[in-house]
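What follows is a set of notes on a single structure, which appears directly below.
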Amino acid sequence: MEYRQRIVDGIIDRKSAAFNAINIIGPKGCGKTRTAKERCATVIEFQDEERRDGYMAVADTAPKLFLKNEKPILFDEWQDASKIWGTIRKDCDDHPDNTGEYFLTGSTSRKIDTPHTGTGRITELLMYPMTLSETGESNGTVSLSRIMDDVTYDIDGCSSDLELSELFKIICRGGWPRCLALKSDEAKLEIAKDYFRQVYQKDVSAIDKVKRNPEIARSLIWSFARNMATTAKRKGIFADVKATQNVTDATLYSYTDVLEQLFVIRDIDARTPQIRSKTSFRAAKKHIFVDPSIGLAALGVGPDYFNNDLDLFGHAFENLVLRDLIVYADAHDARIMHYTDDNGVEADAVYQMADGRYALIEIKVGAGKIPDAEASLLRFKDVIRNHNAEALKNPDHPKATYREPSAHIVICANAPMAYTTDNGVKVIPVGCLRD
């Protein structure tokens with residue numbers, strides 16, 4: 001299958017110019033190996049059963065021999081031969097002027113016991129499943145980063161023909177590159193289902209050779225799926241599991257940690273600006289899956305289910321958009337957070353740039369919810385302006401003021417066209433969005 005350009009390719013190019021070795025991590029099946037292979041002259045795959053014994057013998061006795069191969073060199077699933085890490089690190093020290101010669105890939109964030117960390121020599125990069133713009137289901141006519149950088153950027157009139165029924169299929173299928181090679185919609189759905197089964201039946205124990213109960217792992221993933229794209233407290237998530245399993249909080253925390261190391265789930269931080277007011281900011285993290293298809297597989301949900309439950313689809317859709325926003329933000333040295341306070345001011349996502357500029361983003365399924373989303377975003381701006389006005393009342397002793405949002409954005413599942421409201425809020429169909 002022909003290689004499809006990934007957003008992470010630009011990040012790899014940037015890091016390759018600064019470092020001699022890049023460790024690409026991320027969930028199984030997201031395309032790490034294929035992306036690295038595209039730029040490597042030599043590929044060492046430690047899970048290749050036909051060559052594994054020979055590779056492991058070299059790795060154990062004389063790993064430096066691998067470096068004699070034509071560069072760049074890819075070491076796939078390098079954790080199986082951990083001496084490779086120190087060998088590459090030493091070569092980076094010996095040749096400080098060289099860049100982009102080594103790539104390592106792995107499917108967990110588990111820290112391997114190595115003599116040296118690799119800091120300053122081996123950089124790390126997290127890769128995700130494919131976004132809608134990478135699969136081609138978003139036409140990419142609206143650039144999120146350009147909204148932030150160009151105040152004259154006109155998005156009005158950009159249209160999308162991505163229908164809600166198609167999104168039902170996409171969100172259950174997931175952003176797994178393997179799906180691009182399959183023709184049957186039913187076959188595509190099997191990828192996420194199998195991923196879920198492999199995680200709770202095998203991977204939770206294989207990651208560190210500690211035997212774990214598959215039923216506890218399955219129940220925990222199921223509970224996180226029930227609470228996807230929410231700030232539900234861990235206590236409540238754990239209570240779901242305890243209803244059917246005799247297990248302690250300590251054990252469930254350890255299982256949660258394993259699921260994070262396997263890149264099944266991750267948390268999004270809350271943005272908590274230090275505005276001096278009586279408002280109470282909520283610092284709870286928002287829970288998402290690296291691909292919502294995993295959570296939906298855990299729930300046993302297929303595309304047709306959403307015809308009678310748009311509420312669940314709303315959570316899954318928010319998860320999908322948040323994951324895509326994380327990928328888009330990474331490409332432009334930005335980060336994604338969320339915001340909620342006790343006065344009802346909130347934003348589903350905050351796109352924050354390295355220079356402090358930020359956009360507030362609401363994520364909605366139906367176009368009918370756009371006015372409410374706009375009102376919510378504008379309330380945040382009013383809070384900032386009111387605070388700043390109060391802070392500057394005494395010109396002799398002004399208090400700290402705070403930056404207003406650079407953009408207000410509503411990302412909608414079924415809006416047919418992008419437009420700008422009279423209040424300056426950008427409404428973007430998800431089928432138009434790109435980085």
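Structural remarks
- Listing of strands (runs of 3 or more DSSP E) fully contained in region 316-435 that carry 1 or more residues being at pLDDT below 90 and more than 30 Å from Gly300 (Cα to Cα): 335-340, 346-352
- Boolean, Lys364 is touching a residue at least 60 places away in the same chain (Cβ under 8 Å) and either out of contact with any Phe, Trp or Tyr (no Cβ under 6 Å at 6 or more places or on another chain) or among the polar types (S, T, N, Q) (or both): no
- Annotation: of all residues in region 370-427 being under 26 Å from Asp355 (Cα atoms), touching an Asp or Glu at 6+ places or on another chain (Cβ under 7 Å) and of a type in the set (S, T, N, Q), the one that is surrounded by the fewest Cβ atoms within 10 Å (Cβ to Cβ) is Asn423.
- Qualifying residue in region 336-354 (condition: among the acidic types (Asp, Glu) and surrounded by 18 or more Cβ atoms within 10 Å (Cβ to Cβ)): yes
- Filtered residue count, region 10-21, keeping only those that are touching an Asp or Glu at 6+ places or on another chain (Cβ under 8 Å) and within 28 Å of Ser293 (Cα to Cα): 1
- Pairs linking a residue in region 9-24 that is open to solvent by less than 60 Å² (accessible area, probe 1.4 Å) to a residue that is hydroxyl-bearing (Ser, Thr, Tyr) and assigned to a helix (DSSP H, G or I), with Cβ atoms under 7 Å and 6 or more positions apart or on different chains, are Asp9/Thr35; Ile22/Ser16.
- Sub-7 Å Cβ pairs linking a first residue in region 56-69 that is without any contact (Cβ under 8 Å) to a residue 24 or more places away in the chain and at negative phi to a second residue that is exposed (fewer than 13 other Cβ atoms within 10 Å of the Cβ) and in a helix (DSSP H, G or I), at least 6 apart or interchain, are Val58/Leu65, ordered by first then second residue.
- Qualifying position, being out of contact with any Gly (no Cβ under 9 Å at 6 or more places or on another chain), modelled with pLDDT of 95 or more and of a type in the set (Gly, Ala, Ser), among Ser82, Ser143, Ser138: Ser143
- Test: residue in region 242-250 that is β-branched (Val, Ile, Thr), open to solvent by 30 Å² or more (accessible area, probe 1.4 Å) and closer than 25 Å to Cys30 by Cβ: no
- Selected residue (criterion: most open to solvent (accessible area, probe 1.4 Å)) from residues of region 188-234 that are in a helix (DSSP H, G or I) and β-branched (Val, Ile, Thr): Ile191
- So Ile265, is it free of Cβ contacts under 8 Å to residues at least 60 places away in the same chain, within 25 Å of Gln79 (Cα to Cα) and open to solvent by less than 20 Å² (accessible area, probe 1.4 Å): yes
- Residue match in region 321-330 (condition: open to solvent by 50 Å² or more (accessible area, probe 1.4 Å), of a type outside the set (Lys, Arg) and on the phi < 0 side of the Ramachandran plot): yes
- Top-ranked residue of region 92-132 - restricted to ones that are aliphatic (A, V, I, L, M) and open to solvent by 30 Å² or more (accessible area, probe 1.4 Å), ranked as modelled with the highest pLDDT: Leu126
- Flag: Gly424 matches the condition of being touching a residue at least 12 places away in the same chain (Cβ under 8 Å) and at positive phi.
- Residue satisfying all of: in region 148-173; of a type in the set (A, V, I, L, M) and open to solvent by less than 30 Å² (accessible area, probe 1.4 Å); farthest from the chain's Cα centre (by Cα) among these: Ile155
Here is a yes/no grid of residues against (1) out of contact with any His (no Cβ under 8 Å at 6 or more places or on another chain); (2) under 13 Å from Phe103 (Cβ atoms); (3) open to solvent by less than 60 Å² (accessible area, probe 1.4 Å):
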{"site": "Pro27", "(1), (2), (3)": "yes, no, yes"}
{"site": "Val43", "(1), (2), (3)": "yes, yes, yes"}
{"site": "Arg52", "(1), (2), (3)": "yes, no, no"}
{"site": "Thr61", "(1), (2), (3)": "yes, no, no"}
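- Filter pass, Leu182 being open to solvent by 30 Å² or more (accessible area, probe 1.4 Å) and free of Cβ contacts under 8 Å to residues at least 40 places away in the same chain: yes
The values are calculated or read from the model by the stated rules, or taken from the named source; none is laboratory data. Just so we're clear, the structure is a prediction, and the values are computed from it rather than from any experiment. All Cβ positions, even for glycine, are placed from backbone atoms using ideal geometry, and neighbour counts span all protein chains on display. With ligands, DNA and RNA removed, areas are computed over all heavy atoms of the protein, side chains included. Shrake-Rupley method; radii C 1.70, N 1.55, O 1.52, S 1.80 Å.
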